[in-house]
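Novice: Below you will find the structure I want to go over with you.
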Amino acid sequence: VFSRDETPMKSFATLLLLAALTDHQQNQVHAFAPSSSYSFINGQHSVGVSSRLKTPAAPIHVHMMMDPLAFAETSTSVFNSIADFSSTNLLAFTDQGQNLAGTFFQASLLPYLVFLYFLAFRGNRITELGNFGFQFILFFVLTTIPSGIISKSVYGTSLANVDYLHGGAELLLTISTLLICIGFKEAQTNPNPPPASKGRNIAFAVGLGFAALCAAGPQIPLDVHAPFLFGLGDLSPDMVFQLPWVTHSEPANALSIPTWAIHFSSVIEYVFAMGLVWDYSKATENETWKGLTWGMLPLHASGICACTYHFFYNPSALQFLVSMQAGFTLLGNLTCAIAAYRIARSNGWTLDELNPFPKSDTSPTGLMVDATAAIPLITTPRQESNLALAGKLAATTLGFSYLVKYGELGLDLPFTPNAFVALAMVAGIPALTAFYFYQEGKEETGQGFNLPSVPGFGGEDGEGLSMADVKKYGVAGTVAYVLTELAFWAVAFPVASTALYQSTGHWPDVINDATDRATVLGFIFAGANIARLLVPLRLGAALALAPWVDDNILSKFGEGDELKSANIAEASAAEQD
């Protein structure tokens, strides 16, 4: 059965599949719906298949009105496409497949492993339970593979639209963050923190439960929109319609209260974890721990991307939020790896630690690290019990869940996806978090944010590069720095356009399409944040470019020899000292 809008070529391909799949011995008749969401030929033609038993009045015969050799070649091509789709689906890192988001997620694994390596360095004195919490995030990542495959292969949609799998996977992330919070809080308030074995056992038990859910869900079978935890806490449709502000009905893919609660719990716990990591600098008397808080900020933005996407009911028009979420995850894993490296270096880590052979027991470096690891943490009195803190978290989480799930039914905004509003939400909430920690740093040290230095490059007294180093080269240094900044913006738009193409399959129309304009600006905004983290490298590039600017640009206007004058002045000052 062909749809009314099929082209002859699509009908021809459908006929080939019909001929290949019809089973005459079982008297099965197959109907094909090209508009179905289930796809057999990846990227070519969406073909849905339904079948039923039927006893025909006469034997069914399919006559091939074509050359048999051509039929065989075309059939081979069709089945190759089917096999290619299956392998692509099964090997996908998540349900995002091989698009930009999937690429970002895959690339984020290596820097996260680097982060875990440096974080676990014995000289860091990291709490055992907190360290396991960061490690358990890997287990959460691994669970997205089978759950994503089930979402695509069984239900024909993304994981975000299958509530019981979505909520179950997100629960593992919530447990990871909770373990981080408990571990760091106990280490700072309890001189004898409890062992990590209990938390570890609970985490793995929940993980096994989710694995069982993934295996049993499609067999029961659960509906594509079956709510997580049976929708515990959801209001009935009659109660929802009686709410005075409600003007819209919920879409079928709306998140249940348990799934919303899991999301908000993850976000709130993560911000709390950032604060505990910040305070860990006082317990260890090591300020580099604050750098990890800043490194965790892009991961916080990644979580906001997910919540924003769900706020708008996961529309295809805002699919770029999924790519941004993956991009922030990659960026956050990189910044956390850098922060953990700085912590480990400050506690005595050297390249000798990479040596797999047994180390000398009398190594001065090893003895110093062991001495650092043996220093007890500075604890502070507990201000409130864990039970009271858990109660506040539960109340806040449920409050936000009900407010968003049922409050947005009185708004038109969630039902008319707006890229500008979505980007404002993604940028605004992490900006408020960053401002809070900026104020904290300013009150404690008088400096809100201190960019990490690159050891061994420029600066004075072993410090990193700064604009003061660029200013030493006068006009040449300033012009060189401007050129490096222009170079970034020169490539920002092409890169952002390519990212949009990889995400949506079309090139941006920034003149006529407001959504495309907002999406491109969103990618440029994310790239600008990455470039901001590479300030030392940009300053180094400006210094390297300064001699060329002096010889080839300023000299043309009679402004040359800036570097010579700067070098002479610096040499004279050194002689006087």
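Novice: Please verify whether Tyr402 is in contact with a helix residue (DSSP H, G or I) (Cβ under 8 Å, 6 or more places away or on another chain), more than 20 Å from Ile304 (Cβ to Cβ) and modelled with pLDDT of 95 or more, treating the condition exactly as stated.
Specialist: Against the criterion (in contact with a helix residue (DSSP H, G or I) (Cβ under 8 Å, 6 or more places away or on another chain), more than 20 Å from Ile304 (Cβ to Cβ) and modelled with pLDDT of 95 or more), Tyr402 does not qualify.
Novice: If I filter the stretch 148-160 down to residues being more than 20 Å from the chain's Cα centre (by Cα) and among the aliphatic types (A, V, I, L, M), which single residue comes out as most open to solvent (accessible area, probe 1.4 Å)?
Specialist: Val154
Novice: What tally of residues in the stretch 161-196 results from selecting those that are assigned to a loop (DSSP other than H, G, I, E, B) and either open to solvent by 10 Å² or more (accessible area, probe 1.4 Å) or closer than 21 Å to Thr259 by Cα (or both)?
Specialist: 7
Novice: Residues in the stretch 344-355: is at least one aromatic (Phe, Trp, Tyr), surrounded by 14 or more Cβ atoms within 10 Å (Cβ to Cβ) and touching a Leu at 6+ places or on another chain (Cβ under 9 Å)?
Specialist: No.
Novice: Oh, and also: Which of (1) farther than 21 Å from Cys181 by Cα; (2) surrounded by 12 or more Cβ atoms within 10 Å (Cβ to Cβ); (3) charged (D, E, K, R) does Asp412 not meet, given it meets every other one?
Specialist: (2)
Novice: Moving to a separate point now. Looking at the stretch 118-146, which of its residues are open to solvent by 40 Å² or more (accessible area, probe 1.4 Å) and in contact (Cβ under 8 Å) with a residue 40 or more places away in the chain?
Specialist: Arg122, Glu128, Phe139, Ile145, Pro146
Every residue, every condition in (1) touching an Asp or Glu at 6+ places or on another chain (Cβ under 9 Å); (2) hydrophobic (A, V, I, L, M, F, W, C); (3) under 28 Å from Phe328 (Cα atoms); (4) at pLDDT 60 or above, yes or no:
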position: Ala419; (1), (2), (3), (4): yes, yes, yes, yes
position: Leu423; (1), (2), (3), (4): no, yes, yes, yes
position: Val426; (1), (2), (3), (4): no, yes, yes, yes
position: Pro430; (1), (2), (3), (4): no, no, yes, yes
position: Thr433; (1), (2), (3), (4): no, no, yes, yes
position: Gly441; (1), (2), (3), (4): no, no, yes, yes
position: Gln447; (1), (2), (3), (4): no, no, yes, yes
position: Val454; (1), (2), (3), (4): no, yes, yes, no
position: Asp461; (1), (2), (3), (4): no, no, no, no
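Novice: For the stretch 488-506, does any single residue satisfy the condition of being farther than 23 Å from Ser316 by Cα, at pLDDT below 75, open to solvent by 40 Å² or more (accessible area, probe 1.4 Å) and of a type in the set (Gly, Ala, Ser)?
Specialist: Within the stretch 488-506 (the criterion being farther than 23 Å from Ser316 by Cα, at pLDDT below 75, open to solvent by 40 Å² or more (accessible area, probe 1.4 Å) and of a type in the set (Gly, Ala, Ser)), the answer is yes, since at least one residue qualifies.
Novice: I'm checking my understanding of the structure. Among residues of the stretch 346-359 that are touching a helix residue (DSSP H, G or I) at 6+ places or on another chain (Cβ under 7 Å) and not in a helix (DSSP H, G or I), which one is farthest from Lys290 (Cα to Cα)?
Specialist: Here the residue is Lys359.
Novice: Given the conditions (1) modelled with pLDDT of 95 or more; (2) among the hydrophobic types (A, V, I, L, M, F, W, C); (3) more than 24 Å from His300 (Cα to Cα), report the number of the one that Cys214 does not fulfil.
Specialist: Of the numbered conditions (1) modelled with pLDDT of 95 or more; (2) among the hydrophobic types (A, V, I, L, M, F, W, C); (3) more than 24 Å from His300 (Cα to Cα), the odd one out for Cys214 is (1).
Novice: Quick test of your reading of the structure: Arg538 fulfils all but one of (1) modelled with pLDDT under 70; (2) farther than 22 Å from Tyr473 by Cα. Name the failing condition by number.
Specialist: (2)
Matching residues to (1) closer than 19 Å to Thr288 by Cβ; (2) free of Cβ contacts under 8 Å to residues at least 24 places away in the same chain; (3) not in a helix (DSSP H, G or I):
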residue	(1), (2), (3)
Cys336	yes, no, no
Tyr341	yes, no, no
Ala344	yes, no, no
Thr365	yes, yes, no
Met368	yes, yes, no
Ala373	yes, no, no
Ile378	yes, no, yes
Arg382	no, no, yes
Phe400	no, no, no
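Novice: Just one of (1) modelled with pLDDT under 95; (2) farther than 30 Å from Thr380 by Cα trips up Phe311, so point out which.
Specialist: (1)
Novice: Return yes or no: is Gly366 under 30 Å from Leu321 (Cβ atoms) and either open to solvent by less than 80 Å² (accessible area, probe 1.4 Å) or not polar (S, T, N, Q) (or both)?
Specialist: It is false that Gly366 is under 30 Å from Leu321 (Cβ atoms) and either open to solvent by less than 80 Å² (accessible area, probe 1.4 Å) or not polar (S, T, N, Q) (or both).
Novice: Any idea which of (1) open to solvent by less than 50 Å² (accessible area, probe 1.4 Å); (2) farther than 30 Å from Thr103 by Cβ; (3) not acidic (Asp, Glu) is the one Leu331 doesn't satisfy?
Specialist: (2)
Novice: Let me ask something else. Looking for something touching a Phe, Trp or Tyr at 6+ places or on another chain (Cβ under 9 Å) and outside any helix (DSSP H, G or I) - is there at least one such residue anywhere in the stretch 267-280?
Specialist: No: zero hits.
Listed here are the residues, each with its yes/no results for (1) modelled with pLDDT of 90 or more; (2) among the charged types (D, E, K, R); (3) assigned to a helix (DSSP H, G or I).
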| site | (1), (2), (3) |
| --- | --- |
| Thr103 | no, no, yes |
| Phe118 | yes, no, yes |
| Ile126 | yes, no, no |
| Phe132 | yes, no, yes |
| Phe136 | yes, no, yes |
| Thr143 | no, no, yes |
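Novice: Moving on. Restricting the search to the stretch 369-402, which residues are open to solvent by 50 Å² or more (accessible area, probe 1.4 Å) and of a type in the set (Ser, Thr, Tyr)?
Specialist: Within the stretch 369-402, Thr379, Thr380, Ser385, Thr396, Tyr402 meet the criteria.
Novice: Here's something else I'd like to know. Quick one: Ala283 ticks every box in (1) assigned to a helix (DSSP H, G or I); (2) buried (at least 21 other Cβ atoms within 10 Å of the Cβ); (3) of a type in the set (A, V, I, L, M, F, W, C) except a single one, so which number is it?
Specialist: Of (1) assigned to a helix (DSSP H, G or I); (2) buried (at least 21 other Cβ atoms within 10 Å of the Cβ); (3) of a type in the set (A, V, I, L, M, F, W, C), only one is false for Ala283: (2).
The values are calculated or read from the model by the stated rules, or taken from the named source; none is laboratory data. Predicted model, so just to flag it, every value in this text is computed and none were measured. Every residue, glycine among them, receives a Cβ derived from its backbone with ideal geometry; neighbour counts consider all protein chains shown. Protein only, heavy atoms only, side chains kept; ligands, DNA and RNA dropped before computing areas. Shrake-Rupley method; radii C 1.70, N 1.55, O 1.52, S 1.80 Å.
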